[in-house]
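Undergrad: The structure under discussion is supplied below as structure tokens; questions concerning it will follow.
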Amino acid sequence: MALIQLIYVSSLSDIKLEHEIGKVLESSIRHNKENAITGMLLYANGNFLQVLEGEAEAVGETFTRICADPRHYDIIRLISEPIADRHFSQWSMGYQHLSENYLREFPNYAPFFKFHANDEAIRAKPGIALELLRQFSIDNR
Ligand SMILES: Cc1cc2nc3c(=O)[nH]c(=O)nc-3n(C[C@H](O)[C@H](O)[C@H](O)COP(=O)(O)O)c2cc1C
């Protein structure tokens, strides 16, 4: 039984698909409950940052399904590594839409939400992605 954590960024295929995010979340929660996956999905400016936690096999299957979803593209895996404990155990899939104000207040995190221009910057600092996601693991229950 090996727990892993996988973090990736991606882009919404078309900004007109923003209204689909509710459906994405609904099916994420449904599947993740069945597969004992926990995590957090952040969205801003047409970009996603998501963490998935669970058994390696379940995370792998879920990520394969996510990668095949045409509603997003340019999926960049930042972290995939074993963890001792879950960081998002209370969330089948938490969700936050980050505001412009929030990204202005925390400029360290902004590159994750305009990552086409900042591909190298975000790959170089994957730990910051986890730090950002963890801001939402407890505060906004
Ligand atoms: C940004 C994004 C995040 C997603 N996260 C998950 C997830 O955590 N778990 C999951 O099962 N599906 C997730 N999905 C949805 C899958 O890609 C897929 O559409 C869904 O699992 C299909 O299930 P359904 O046809 O039963 O609704 C995500 C999709 C997108 C675009």
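The values are calculated or read from the model by the stated rules, or taken from the named source; none is laboratory data. All figures in this text were calculated on a predicted structure; none of them were measured in a lab. Here Cβ is always computed from backbone atoms with ideal geometry, including for glycine, and neighbour counts include all displayed protein chains.
Undergrad: Can you name the number of the only condition in (1) under 15 Å from D69 (Cα atoms); (2) within 15 Å of the chain's Cα centre (by Cα) that D14 fails?
TA: Failed condition: (2).
Undergrad: Just to be sure before I move on: is L78 more than 10 Å from the ligand (Cβ to nearest atom), in contact with a Lys or Arg (Cβ under 8 Å, 6 or more places away or on another chain) and within 17 Å of L132 (Cα to Cα) in the structure I sent? If you could, list the steps in order and put the result at the bottom.
TA: Numbers: more than 10 Å from the ligand (Cβ to nearest atom): yes; in contact with a Lys or Arg (Cβ under 8 Å, 6 or more places away or on another chain): yes; within 17 Å of L132 (Cα to Cα): yes.
For L78, the condition - more than 10 Å from the ligand (Cβ to nearest atom), in contact with a Lys or Arg (Cβ under 8 Å, 6 or more places away or on another chain) and within 17 Å of L132 (Cα to Cα) - is met.
Undergrad: When A84 is evaluated against the numbered criteria (1) under 29 Å from E120 (Cα atoms); (2) surrounded by 14 or more Cβ atoms within 10 Å (Cβ to Cβ), which criterion, by number, is the only one it fails?
TA: It fails just one condition, (2).
Undergrad: Output the residues belonging to the range 37-73 that are more than 9 Å from the ligand (Cβ to nearest atom), of a type outside the set (F, W, Y), surrounded by fewer than 15 Cβ atoms within 10 Å (Cβ to Cβ) and in contact (Cβ under 8 Å) with a residue 40 or more places away in the chain.
TA: A56
Undergrad: Could we say that R134 is free of Cβ contacts under 8 Å to residues at least 12 places away in the same chain and part of a helix (DSSP H, G or I) here?
TA: Judged against the criteria, R134 is not a match.
Undergrad: So is Y102 on the phi < 0 side of the Ramachandran plot, surrounded by 13 or more Cβ atoms within 10 Å (Cβ to Cβ) and at pLDDT 95 or above or not? Walk me through it before giving the result.
TA: Details: on the phi < 0 side of the Ramachandran plot: yes; surrounded by 13 or more Cβ atoms within 10 Å (Cβ to Cβ): yes; at pLDDT 95 or above: no.
No: the conditions fail for Y102.
Undergrad: A further question follows. Identify, please: which residue in the range 1-36 is touching a His at 6+ places or on another chain (Cβ under 7 Å) and within 20 Å of L130 (Cα to Cα) and is, among those, surrounded by the fewest Cβ atoms within 10 Å (Cβ to Cβ)?
TA: S11
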